[in-house]
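The values are calculated or read from the model by the stated rules, or taken from the named source; none is laboratory data. Just so we're clear, the structure is a prediction, and the values are computed from it rather than from any experiment. Using ideal geometry, Cβ is built from the backbone for each residue, glycine included, and neighbour counts are taken over all protein chains shown. The accessibility values were calculated without ligands, DNA or RNA, using every heavy atom of the protein model including side chains. Shrake-Rupley method; radii C 1.70, N 1.55, O 1.52, S 1.80 Å.
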Amino acid sequence: MDHWWQALDGMARFFWIVAIGASLFQLLLFAGSLFMGHEFDHGGADAHGGSAAEGVKVLSVRAITAFLVGFGWTGALLTQGGWSILLTTLLSIIVGAVFMAMIFLIMRLLVSLKADGTLDYWNAVGQSGHVYVTIPPNRTGEGQVEVLFQGRLVTANAITDADAPLAPRTPVLVHSVEGKTTLVVSPAR
């Protein structure tokens, strides 16, 4: 192996060092994600309420490592094939950029699939349920209803515009949301 290494010129050695080093680092990133759950620089949403997918950065550790893997292996293979240094460098940069773009897009897709689990009570509008705790008439007080939305059975505060109180087990339909979490319901027909 020492003979092989000594036979390489400076640029070929450079590409091999980048290729092997970046590949080993890529394996460490993979092992860290797989066994320790580290997400490194692909955190969640920013402080301004953006989606989690928007938190993925083009210049992240994973994307830069992907660039170096593509750049290094392309350069190493092309120099070994006798290609010119200028063409090898140009093609290595292009392949590295493609690797970087692929990792960026894959990470953005994967992060966008992550659910945050937050209930949005507006998703209950149009859903039917039943009264759990008596709801006083004409918005004079709150009761509670049980409604299935976002894949879970939720017990939520509720008010009604009905002229009579709604007793427990009365079927209801959700019309809107008052405030953040109070459902406006009416008897289901």
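Screening the candidates 41, 2 for the property of being open to solvent by less than 70 Å² (accessible area, probe 1.4 Å), among the charged types (D, E, K, R) and modelled with pLDDT under 75 yields one hit, 41.
Within the range 54-68, does at least one residue satisfy the condition of being surrounded by 12 or more Cβ atoms within 10 Å (Cβ to Cβ), modelled with pLDDT under 90 and polar (S, T, N, Q)? Among the residues of the range 54-68, at least one is surrounded by 12 or more Cβ atoms within 10 Å (Cβ to Cβ), modelled with pLDDT under 90 and polar (S, T, N, Q), which makes the answer yes.
Residue 74 falls short on exactly one of the conditions (1) assigned to a helix (DSSP H, G or I); (2) surrounded by 17 or more Cβ atoms within 10 Å (Cβ to Cβ); (3) at pLDDT below 85, and that condition is (3). Within the range 75-96, the residues that satisfy the criterion of being of a type outside the set (S, T, N, Q) and touching a Gly at 6+ places or on another chain (Cβ under 7 Å) are 95, 96.
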